[in-house]
1. Please work out if residue 82 is at pLDDT 95 or above, surrounded by 15 or more Cβ atoms within 10 Å (Cβ to Cβ) and within 11 Å of the ligand (Cβ to nearest atom).
2. Scan segment 85-97 residue by residue and report those that are within 14 Å of the ligand (Cβ to nearest atom) and either on the phi < 0 side of the Ramachandran plot or touching a residue at least 24 places away in the same chain (Cβ under 8 Å) (or both).
3. Among the listed residues 107, 86, identify the single one that is over 23 Å from residue 30 (Cα atoms) and part of a loop (DSSP other than H, G, I, E, B).
4. May I ask you to list the residues in segment 1-39 that are modelled with pLDDT under 80 and not in a loop (DSSP other than H, G, I, E, B)?
Ligand SMILES: [Zn+2]
């Protein structure tokens, strides 16, 4: 009787693929929403939204898309999952809740606004 030993995958490989899938899906959904919102903004009736609301919503979406793209770039560069401030590993639970996170919780608390400070939105 022989026993086949399966090499376990790298401990972080599977969650990383899951996170990559989450980020890619978010990127696609937000890009689609931004496209539709941009089309709506150009229509005379703007689907019941005023221009200011549309401007805030599109700015919010653009920021989210930028954060998602940044996270995907960090994945390809191999720096994803490490805090940009202290260089410690960001816990998997935090990445699952906010896959675009660039900081661990203690560093985020010290610096609530990150690289994208133009809009009044805390970095998750
Ligand atoms: Zn940190």
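1. Against the criterion (at pLDDT 95 or above, surrounded by 15 or more Cβ atoms within 10 Å (Cβ to Cβ) and within 11 Å of the ligand (Cβ to nearest atom)), residue 82 qualifies.
2. Once the filter is applied, which keeps residues that are within 14 Å of the ligand (Cβ to nearest atom) and either on the phi < 0 side of the Ramachandran plot or touching a residue at least 24 places away in the same chain (Cβ under 8 Å) (or both), segment 85-97 yields 85, 86, 88, 89, 90, 91, 94, 95.
3. From the options 107, 86, the qualifying one is 86.
4. 13, the sole residue that qualifies.
Residues checked against (1) surrounded by 15 or more Cβ atoms within 10 Å (Cβ to Cβ); (2) at pLDDT below 95:
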{"position": "44", "(1), (2)": "no, yes"}
{"position": "67", "(1), (2)": "yes, no"}
{"position": "78", "(1), (2)": "no, yes"}
{"position": "86", "(1), (2)": "no, no"}
{"position": "89", "(1), (2)": "no, no"}
{"position": "92", "(1), (2)": "yes, yes"}
{"position": "110", "(1), (2)": "no, yes"}
{"position": "114", "(1), (2)": "yes, yes"}
{"position": "121", "(1), (2)": "yes, yes"}
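The values are calculated or read from the model by the stated rules, or taken from the named source; none is laboratory data. Given the structure is predicted, the values throughout are model-derived calculations rather than measurements. So basically every Cβ, Gly included, is an ideal-geometry build from the backbone, and we count neighbours across all protein chains shown.
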